[in-house]
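What follows is a short report on a single structure.
The values are calculated or read from the model by the stated rules, or taken from the named source; none is laboratory data. Everything numeric in this text was worked out from a predicted model, so none of it was measured. We place every Cβ from the backbone using ideal geometry, glycine too, and count neighbours over all the protein chains shown. Heavy atoms of the whole protein, side chains included, go into the accessibility calculation; ligands, DNA and RNA do not. Shrake-Rupley method; radii C 1.70, N 1.55, O 1.52, S 1.80 Å.
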Amino acid sequence: MAAPPLGRLVLTHLLVALFGMGSWAAVNGIWVELPVVVKDLPEGWSLPSYLSVLVALGNLGLLVVTVWRRLAPGKGERVPIQGLLLLLPSPPSVPTGSPGPGLRVGAPGVEEEEEEASPLQEPPSPAADTTPSPEPVAPRLLSTHGAFLLGLLAATNALTNGVLPAVQSYSCLPYGRLTYHLAVVLGSAANPFACFLAMGVLCRSLAGLGGLSLLGMLFGAYLMALAVLSPCPPMVGTSAGVVLVVASWVLCLGVFSYVKVAASSLLHGGGQPALLAAGVAIQVGSLVGAVAMFPPTSIYQVFRSGKDCVDPCGP
């Protein structure tokens with residue numbers, strides 16, 4: 001089947017990009033405003049925990065509709081999962097004539113030949129060049145590589161979209177509003193930077209992705225320790241403390257963003273079922289992380305907030 005005109009491809013990709021920019025600008029805009037309003041609203045320092053849960057629940061609606069239309073009989077193979085695909089970056093190399101995942105041209109059910117083997121697929125047999133394999137994608141998703149990548153996506157999104165944002169105010173505000181503002185803004189900028197980096201330098205090693213995840217967890221553990229020690233974390237009131245907490249937030253979010261991009265890119269070779277599984281892992285992980293952190297931050301007050309004009313860390 002002939003490829004669509006170049007103008008239509010450009011317009012389609014432009015509209016998808018604008019749609020993604022609009023959604024991310026709205027969400028990131030709310031988080032950037034938190035350093036200004038968090039001390040003035042009734043929820044106080046626990047406000048990020050409320051927002052994490054609300055954002056996760058908002059994405060759950062799209063996930064439920066997508067899974068239902070995928071599993072319901074008589075709906076056809078192609079489903080509107082472009083919303084979930086916005087979370088997944090384009091792979092560094094795409095076969096000629098394929099405009100990208102979710103926008104491929106061709107007859108339904110026909111997959112283009114991939115330049116590199118997918119980690120979800122078994123090595124092709126000698127007869128694979130002439131006879132299509134009837135093997136379903138589901139067993140490949142349950143392979144060691146597929147399960148590792150999906151688990152990695154769920155865990156990293158639980159941390160970056162649920163656990164860590166819920167305690168960001170407690171880890172930053174003891175050092176001042178400017179520290180919180182810098183951590184939010186620069187952390188948001190680290191996300192697209194990591195995505196562009198992965199487009200040029202993509203780690204395909206599971207061991208490498210696991211090592212990067214451990215590095216991100218070390219930064220996350222430090223930030224969680226600061227939140228637990230709030231409102232008197234180490235080096236509070238010093239420039240070194242401010243630099244350290246802001247750098248930890250930027251590096252933590254940047255490393256985890258790269259891991260998510262790399263894992264999503266490796267899952268692209270599995271086709272729409274793999275993309276759907278990746279979307280489910282992302283949204284379920286985000287929801288679990290946000291819901292898990294809501295009780296300790298907003299109900300049981302495990303993390304303590306400071307008060308203006310009061311020095312709780314003095315002698």
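Using packing as a proxy for protection, rank 156-166, 19-29 so that the peptide with the highest average count of other Cβ atoms within 10 Å comes first.
So the order, starting with the most tightly packed, is 156-166, 19-29.
Using only Cα atoms, locate the centre of region 297-312 and the centre of region 186-249, then give the distance between them in Å, rounded to an integer.
24 Å
Given labels modelled 7 Å from the Cα in the Cβ direction, how far is it in nm from L71 to Y50?
3.3 nm
Calculate, for L60 and M235, the FRET efficiency according to 1/(1 + (r/R0)^6) with r their C-beta to C-beta distance and R0 35 Å; round to the nearest 0.05. Write out the running numbers ahead of the final one.
Details: r = 39 Å, r/R0 = 1.11.
Rounded to the nearest 0.05, the efficiency is 0.35.
Taking only protein heavy atoms into account and a 1.4 Å probe, give the accessible area per residue of region 172-268 in Å².
On the way: 3980 Å² over 97 residues.
That works out to 41 Å² per residue.
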